[in-house]
1. So, in region A:120-137, of the ones that are surrounded by fewer than 19 Cβ atoms within 10 Å (Cβ to Cβ) and at the interface with chain B (Cβ under 7 Å from one of its Cβ atoms), which residue ends up nearest to residue B:53 (Cα to Cα)?
2. Restricting attention to region B:318-336, which residues are surrounded by fewer than 18 Cβ atoms within 10 Å (Cβ to Cβ), at pLDDT 90 or above and part of a loop (DSSP other than H, G, I, E, B)?
3. Consider residue A:262 against the criteria (1) part of a helix (DSSP H, G or I); (2) at pLDDT below 95; (3) within 21 Å of the chain's Cα centre (by Cα): it satisfies all of them except one. Which criterion is unmet?
4. So which residues in region B:273-292 are in a helix (DSSP H, G or I) and over 20 Å from residue B:80 (Cβ atoms)?
5. For region B:18-41, enumerate the residues that are under 17 Å from residue A:97 (Cα atoms) and in contact (Cβ under 8 Å) with a residue 24 or more places away in the chain.
6. Scanning for something in contact with a strand residue (DSSP E or B) (Cβ under 6 Å, 6 or more places away or on another chain), assigned by TED's automatic domain parsing to the domain that holds residue B:175 and surrounded by 15 or more Cβ atoms within 10 Å (Cβ to Cβ), does region B:251-266 turn up at least one residue?
7. Report the residue count in region A:188-214 for those that are surrounded by fewer than 23 Cβ atoms within 10 Å (Cβ to Cβ) and farther than 15 Å from residue A:88 by Cα.
8. Quick check, is residue B:288 more than 28 Å from residue A:129 (Cα to Cα) and touching a strand residue (DSSP E or B) at 6+ places or on another chain (Cβ under 8 Å)?
């Protein structure tokens with residue numbers, strides 16, 4: 001690493017995060033289950049197969065329009081399991097609390113986690129609580145881990161997108177990023193932006209029941225849609241072409257981005273997924289998704305190509321094509 | 001809760017922690033797997049059975065004599081699985097890093113985790129990294145979660161100690177607590193105290209192979225031996241009687257405790273276990289333990305009784321008996 005210190009950008013989910021992973025963690029931890037860098041590890045298990053994942057949540061502030069750190073921590077881990085085609089079953093939760101957080105706030109977070117877990121049909125089966133002094137943490141951090149059952153025959157993977165696949169996104173992008181930012185900075189938009197944080201277990205189960213042609217799925221969280229598409233293009237060694245005009249984005253998010261100089265392609269989403277689906281199954285998958293509350297505005301935004309493997313190219317409204325890069329550092333630290 | 005704010009003592013592993021759990025978390029999260037409050041949740045799994053656990057580590061400082069936060073995070077989670085009789089297999093790790101930590105320090109921690117995982121025969125299969133601003137965390141927090149395979153016929157539980165069982169401890173107590181404290185405060189003892197942090201998977205496998213009469217096991221971490229014995233007495237609705245003179249404690253730890261006014265019964269251990277073993281199997285289990293590097297000074301410190309259920313009573317060197325209470329608040333915050 002050129003830098004000798006860890007910087008905020010190392011937590012962005014973008015290039016610097018990737019560098020940290022490749023230079024510091026992978027040399028020590030590399031193994032067959034970790035190294036594919038999927039959303040969850042797939043493990044052989046006596047008599048069955050197991051998906052296992054973990055994520056830490058440090059979102060600031062801990063309450064924001066449409067959610068809170070508890071709902072985020074449950075949904076994020078549920079979604080990471082669902083993206084592998086696993087059926088999320090059980091969660092663990094580690095709480096790191098700054099001394100002085102009110103018990104009432106912690107209770108609101110616990111209640112929110114419980115509601116999100118019930119909605120996702122998972123149970124929180126283990127946990128731990130640590131308390132640190134004032135200024136040794138920022139109010140509350142939660143690390144959730146999750147286990148899910150992987151039915152036989154599931155081969156969904158970020159490395160499995162194929163030329164000809166259609167690229168589906170389940171709804172509008174950028175809502176979570178703008179919702180958290182507006183709360184943090186005290187910004188008020190004419191139409192308030194609400195986080196999309198939601199568990200996608202049900203939506204994914206419906207999609208899997210409708211089609212065996214879903215090759216890759218991922219939830220575009222840190223780093224946004226742009227970074228997620230680049231990860232899939234890289235892992236699958238395919239090109240991806242998207243059309244800017246087809247990407248669903250709300251008017252409020254679009255104006256907020258213009259005002260703040262942000263690009264919604266890089267904003268975090270917490271209740272959306274991207275799927276690479278065999279061309280022939282696209283309509284069936286889309287209509288299934290649109291019947292689900294979390295997939296109503298699902299649409300096709302592009303296709304997978306043999307050309308320019310590892311690259312994501314976007315055609316804008318004027319027909320001009322440009323390469324969509326991975327997020328280099330951080331647009332918005334502590335977004336999740 | 002009488003207090004409206006979260007206090008350091010809520011993270012002690014003692015009475016206040018228990019109160020937080022019972023008043024805030026359990027009302028929202030209660031379910032059959034969580035509510036027994038074991039070291040790991042036991043889950044039914046298609047074709048087999050699964051143990052699942054998570055713990056956050058906030059030890060200060062992150063490097064201490066005999067170990068570091070990385071080794072602690074791996075061993076703590078491996079040991080929580082082993083205490084349930086599970087075979088620990090895979091770990092996940094969530095890193096929360098304060099901006100400005102050096103890459104070299106993070107690499108030392110990763111190398112140490114890798115070595116501890118190799119020693120324990122587990123692989124780190126998933127992970128996540130978040131970075132927060134200066135003063136929003138204290139250098140580095142790690143949350144590990146783990147999954148283990150539970151062989152058929154295993155019924156080890158803190159609720160399963162039986163009158164007549166012998167109480168075995170695997171070695172000296174208090175080493176981790178004093179090692180971390182001495183590093184934190186810059187104390188120097190004539191004989192340096194080294195943390196006992198170690199993975200107990202191998203020791204436990206040997207014990208399980210030697211006897212089917214191991215009824216309960218736990219690693220006495222936060223809250224120490226006193227709190228762990230109280231938890232077992234409570235869960236099993238039995239009494240426990242221990243003899244002070246039989247508790248293994250090093251001379252250095254004993255003098256440090258006298259000097260600092262600490263009680264080694266409440267100091268954290270990170271490479272020790274307590275086991276409740278059927279009387280007839282005690283000698284076989286003990287001799288097995290003493291052949292293992294992490295059980296050389298294992299000994300019997302007491303017995304399980306029908307009398308005074310839920311209470312731990314200690315006879316001191318002068319034959320005087322007193323009740324050993326649960327840790328009320330914190331002797332040493334951020335010990336793990």
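1. The first filter runs over region A:120-137 and keeps only residues surrounded by fewer than 19 Cβ atoms within 10 Å (Cβ to Cβ), leaving A:121, A:133-135.
With at the interface with chain B (Cβ under 7 Å from one of its Cβ atoms) added as a condition, the list becomes A:133, A:135.
Values: A:133: 25, A:135: 28 Å.
Restricting to residues being surrounded by fewer than 19 Cβ atoms within 10 Å (Cβ to Cβ) and at the interface with chain B (Cβ under 7 Å from one of its Cβ atoms), the top hit is A:133.
2. Of everything in region B:318-336, those that are surrounded by fewer than 18 Cβ atoms within 10 Å (Cβ to Cβ), at pLDDT 90 or above and part of a loop (DSSP other than H, G, I, E, B) turn out to be B:318, B:319, B:320, B:325.
3. Of everything listed in (1) part of a helix (DSSP H, G or I); (2) at pLDDT below 95; (3) within 21 Å of the chain's Cα centre (by Cα), residue A:262 misses just condition (1).
4. B:279, B:280, B:281, B:282, B:283, B:284, B:285, B:286, B:287, B:288, B:290
5. B:18
6. Scanning region B:251-266 turns up no residue that is in contact with a strand residue (DSSP E or B) (Cβ under 6 Å, 6 or more places away or on another chain), assigned by TED's automatic domain parsing to the domain that holds residue B:175 and surrounded by 15 or more Cβ atoms within 10 Å (Cβ to Cβ).
7. Final tally of qualifying residues: 11.
8. no
The values are calculated or read from the model by the stated rules, or taken from the named source; none is laboratory data. Worth saying up front: this structure is predicted, and the values here are computed from it rather than measured. Methodologically, a virtual Cβ is constructed for each residue, glycine included, from the backbone with ideal geometry; neighbour enumeration extends over all protein chains shown.
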